[in-house]
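Everything below concerns the one structure shown next.
Nothing in this text is a laboratory measurement; each read-out follows from the coordinates by a stated rule. Remember, it's a predicted structure, so these values are computed and weren't measured experimentally. All Cβ positions, even for glycine, are placed from backbone atoms using ideal geometry, and neighbour counts span all protein chains on display.
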Amino acid sequence: MAISKRGNDVMVVDNYLHRRLAIEHKMPPLVSMPALPERCQIWKSVSGLEIKHAIGDVQDFEFLAKVIKDFAPDTIVHYAEQRSAPF
């Protein structure tokens, strides 16, 4: 959101790993989190700015190549963060 707020075009890619692991381990989140498309819509409703999104795995070359071709980013930030508390 901070990058979007600075006037940059932003796209978020998520494979829902955390959600899948939480379901698999029967560990519901402490705080409900809307799915990515809804979070992007909420951001647009409060800021007027659009954050694009794609659901998929960046390890899938065809998926990633299409995302990069379609969005044509100047920069890619790969967070690859893994929450440690429940795991």
Extent of the chain along each principal axis, from alpha carbon coordinates, in Å, largest to smallest? 38, 34, 18
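Grab the DSSP H runs of the chain that are 4 residues or longer, score each as -39,500 (n - 2.57), total them, divide by all residues and round the 222 nm result to the nearest 500 deg cm²/dmol.
So the calculated ellipticity at 222 nm is -11000 deg cm²/dmol.
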Within the range 8-43, list the residues whose amide N lies under 15 Å from a label point set 7 Å along Cα→Cβ of residue 49. 8-12, 40-43
Name the GluC sites (Glu not before Pro) in the range 11-87 that are in a loop by DSSP and that have at most 14 other C-beta atoms within 10 Å, would you? 50, 81
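Express the relative contact order of the chain as a whole percentage, based on alpha carbon pairs under 8 Å and six or more residues apart in sequence. Could the numbers behind the result be given before it?
On the way: 62 pairs, mean separation 31.8, N = 87.
37 percent.
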